[in-house]
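Everything on this sheet refers to the single structure shown next.
The values are calculated or read from the model by the stated rules, or taken from the named source; none is laboratory data. In this text, all values refer to a predicted model and were calculated from it rather than measured experimentally. Counting neighbours? That spans all protein chains shown, and the Cβs are built from the backbone with ideal geometry, glycine included. Side chains included, ligands, DNA and RNA excluded: accessible areas come from the protein's heavy atoms. Shrake-Rupley method; radii C 1.70, N 1.55, O 1.52, S 1.80 Å.
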Amino acid sequence: MNTSSRFPLSRREFIRGTGLVAATLAVSGSTARAARGPAAPLPPLSSKKLGIALLGLGSYATGQLAPALQRTQNCYLAGAITGDPEGKGKQLAAQYGFPEKNIYSYDTMAAIKDNPDIDIIYVVTPNSLHLANTLAAAKAGKHVSCEKPMALTVAECDQMIAACKAANVQLSIGYRNNFDPYFQEMMRIARWKELGALKTLNGEFTGGNTAGAWRTKMAFAGGGPIMDLGIYVIHASVLAANGESPVAVTAKPGPVTMPDIYKDVEETMEFTLEFANGAKCDGYTSYTRVPKPGGGGTNRFRVDYEKGFLNFPAAFNYNGTNAITAKGPLDFGIARNDGNYQQARQMDDFARCVRDKVPTSVPGEMGRQDMRIIEAIYASAKVGGKRTLVKMA
Ligand code: NDP
């Protein structure tokens with residue numbers, strides 16, 4: 001599949017991927033229409049709930065994904081693969097009520113192929129392990145959900161896509177925003193060009209880190225905040241451009257203010273994505289810009305089209321987002337802090353795709369597309385700290 005310029009979604013795939021929001025909301029920016037909320041999902045072809053095993057019981061798996069799996073319809077938490085089966089594994093099993101026979105270590109996980117309780121393995125490890133974990137899951141004949149960033153390089157993405165194809169299993173990437181009704185509204189607007197041409201975009205995602213964390217080590221993270229946080233701005237831009245990749249990229253690393261921590265990966269990155277019609281996205285990501293005392297970072301995204309805009313003041317929060325248009329705030333009846341609804345919708349959608357044998361709307365190719373942009377960003381930024389134009393077309 002050629003992902004160099006546009007991520008192709010058929011109308012059917014798009015509508016399914018957006019949970020039918022597209023089909024039910026006639027005109028964008030309308031608070032009244034938006035207030036009706038997303039329509040019911042497509043009726044399932046079967047009601048079987050699929051079993052998901054979380055691979056890597058760290059912060060995101062235990063803090064967001066396991067709780068989200070308590071509110072899913074098409075899947076449930078059925079097992080775990082962990083470096084600590086006796087401790088973390090048994091604790092998760094006891095907390096969420098799955099049998100201890102469904103706990104594996106990385107060394108024993110090949111045996112999962114004979115376990116009919118597990119249909120999907122969800123890879124939630126440091127970025128450098130996504131490749132090996134995905135290959136192992138595919139080899140065990142299980143469908144794979146893999147966290148972002150998909151891998152460290154485009155070449156690794158290619159291996160993952162090929163392995164899943166060869167094993168005849170689906171591969172999806174953990175782009176939870178794609179399942180948020182507010183982002184789906186943006187995707188719908190972009191798809192049908194409802195607000196005219198794309199004009200400008202800008203976004204920012206910043207956060208903090210501690211010395212020694214794997215996210216500060218190139219071998220584990222593959223890069224700094226671009227891999228971890230900036231990828232959200234990149235991905236949102238591609239969605240706002242209806243799946244198109246930028247045709248050119250410029251980027252520049254920011255100053256290093258904490259040299260003890262950021263010896264290996266960049267601390268800050270500024271980047272600009274240029275789209276074929278001349279639209280530009282200015283992005284900023286950093287591990288240091290933490291304005292709230294003792295608090296988290298910033299995250300926001302805004303897209304301006306010819307005839308209107310969508311502004312996400314808290315675009316990438318774990319617990320959901322909201323969006324403001326020229327006509328006022330959108331309201332899909334989901335409270336921003338309605339615990340992990342994005343992840344629940346994301347996993348439900350993938351389970352339905354696997355069960356009903358239809359392709360996921362967030363496949364490996366989508367993760368690869370973002371990785372291509374990230375590689376261009378690093379290529380641009382590495383030349384003497386100056387912005388060098390890297391053409392992607
Ligand atoms: P954590 O460090 O909290 O957890 C990673 C887990 O991976 C560990 O707890 C460990 O689990 C397992 N692991 C296996 N090998 C290693 C190793 N050598 N070093 C460290 N951990 C190892 O990371 P996060 O949960 O924050 O992030 C995991 C992935 O999820 C990343 O790719 C990240 O980008 C992504 N993520 C996505 C988010 C989203 O919103 N979509 C949000 C946060 C993270 P065990 O002990 O069970 O083996």
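Residue pairs whose Cβ atoms lie under 6 Å apart, separated by 6 or more positions or on different chains, with the first residue in the range 143-163 and over 15 Å from residue 122 (Cβ atoms) and the second more than 16 Å from the ligand (Cβ to nearest atom) and open to solvent by less than 20 Å² (accessible area, probe 1.4 Å), are 163/138. Each residue in the range 281-299 was checked for being crowded, with 18+ Cβ neighbours inside 10 Å and either modelled with pLDDT of 95 or more or assigned to a strand (DSSP E or B) (or both), and 6 of them qualify. The condition of being farther than 30 Å from residue 154 by Cα, assigned by TED's automatic domain parsing to the domain that holds residue 70 and surrounded by fewer than 13 Cβ atoms within 10 Å (Cβ to Cβ) holds for only one of 89, 97, that being 97.
From 196, 141, grab the single residue that is open to solvent by 10 Å² or more (accessible area, probe 1.4 Å), assigned to a loop (DSSP other than H, G, I, E, B), out of contact with any Leu (no Cβ under 6 Å at 6 or more places or on another chain) and not assigned by TED's automatic domain parsing to the domain that holds residue 130.
196
Within the range 144-180, the set of residues being open to solvent by less than 20 Å² (accessible area, probe 1.4 Å), within 11 Å of the ligand (Cβ to nearest atom) and more than 11 Å from the chain's Cα centre (by Cα) comprises just one member, 151.
The residues on offer are 98, 183, and the sole one that is at negative phi, at pLDDT 95 or above and in a loop (DSSP other than H, G, I, E, B) is 98.
Where residues in the range 336-358 are in the same structural domain as residue 146 (by TED's automatic domain parsing) and in a loop (DSSP other than H, G, I, E, B), which of them is surrounded by the fewest Cβ atoms within 10 Å (Cβ to Cβ)? Among them, the one singled out is 357.
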